[in-house]
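Asker: Mind having a look at this structure? Questions to follow.
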């Protein structure tokens, strides 16, 4: 197990996760756009938000891969199946606590359940399991995160 395996897995895993989410959006299975969601936390310029969001998404992909590496190192084993299990937990966390508790606290352009009627939010809050972005969104998000985890776990195990 090496940190380089984790970083390589983080890159490939984030590439696959992002492609899965973008493809699901284009197929109208979901309306979620994580890079846009992240980018609009940094700027109100919608075009710039996309570019900044993709950069931030890949940086978070590297950070989460390092977190997976730390867990694998602590337990003394790794692999794609263990990575997939972590990906499931990661996806569940992202769809519940992360986007509904943490993100609205720091995202200046996202509405939440406490938004006043006279405020105009740029973004709709995701809601529990991101259901505000479509009924299939939880399944798409979990599958994409399971794939990410399996890829990261596989890369770490092979390094």
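The values are calculated or read from the model by the stated rules, or taken from the named source; none is laboratory data. Remember, predicted model here, so these are calculated numbers, not experimental data. With ideal geometry, Cβ positions are generated from the backbone for all residues, glycine too; neighbour counts draw on all protein chains shown.
Asker: Out of curiosity, is residue 98 farther than 17 Å from residue 13 by Cα, part of a helix (DSSP H, G or I) and at pLDDT below 85?
Answerer: Details: farther than 17 Å from residue 13 by Cα: yes; part of a helix (DSSP H, G or I): yes; at pLDDT below 85: yes.
Yes; evaluated as a whole, the condition is true for this residue.
Asker: Are any residues in segment 65-88 in contact (Cβ under 8 Å) with a residue 60 or more places away in the chain, surrounded by fewer than 18 Cβ atoms within 10 Å (Cβ to Cβ) and in a helix (DSSP H, G or I), and if so, which ones?
Answerer: 66, 73, 81, 85, 88
Asker: Between a residue in segment 20-33 that is at positive phi and surrounded by fewer than 18 Cβ atoms within 10 Å (Cβ to Cβ) and any residue that is modelled with pLDDT under 95 and part of a loop (DSSP other than H, G, I, E, B), which pairs come within a Cβ distance under 6 Å, given they are 6 or more apart or on different chains?
Answerer: Cβ pairs passing all conditions: none.
Yes or no, residue by residue, for (1) closer than 13 Å to residue 133 by Cα; (2) modelled with pLDDT of 95 or more; (3) in contact with a strand residue (DSSP E or B) (Cβ under 9 Å, 6 or more places away or on another chain):
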position: 4; (1), (2), (3): no, yes, no
position: 8; (1), (2), (3): no, yes, no
position: 12; (1), (2), (3): no, yes, no
position: 16; (1), (2), (3): no, yes, no
position: 25; (1), (2), (3): yes, no, no
position: 32; (1), (2), (3): yes, no, no
position: 35; (1), (2), (3): no, no, no
position: 44; (1), (2), (3): no, no, no
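Asker: Output the residues belonging to segment 33-64 that are within 30 Å of residue 4 (Cα to Cα) and in a loop (DSSP other than H, G, I, E, B).
Answerer: Scanning segment 33-64 gives 33, 41, 42.
Asker: Evaluate segment 111-134: report whether one residue or more is at pLDDT 90 or above and either surrounded by fewer than 20 Cβ atoms within 10 Å (Cβ to Cβ) or touching a strand residue (DSSP E or B) at 6+ places or on another chain (Cβ under 6 Å) (or both).
Answerer: Start the filter on segment 111-134 by keeping residues that are at pLDDT 90 or above, which leaves 134.
Still in the running and either surrounded by fewer than 20 Cβ atoms within 10 Å (Cβ to Cβ) or touching a strand residue (DSSP E or B) at 6+ places or on another chain (Cβ under 6 Å) (or both): 134.
Checked segment 111-134: at least one residue is at pLDDT 90 or above and either surrounded by fewer than 20 Cβ atoms within 10 Å (Cβ to Cβ) or touching a strand residue (DSSP E or B) at 6+ places or on another chain (Cβ under 6 Å) (or both).
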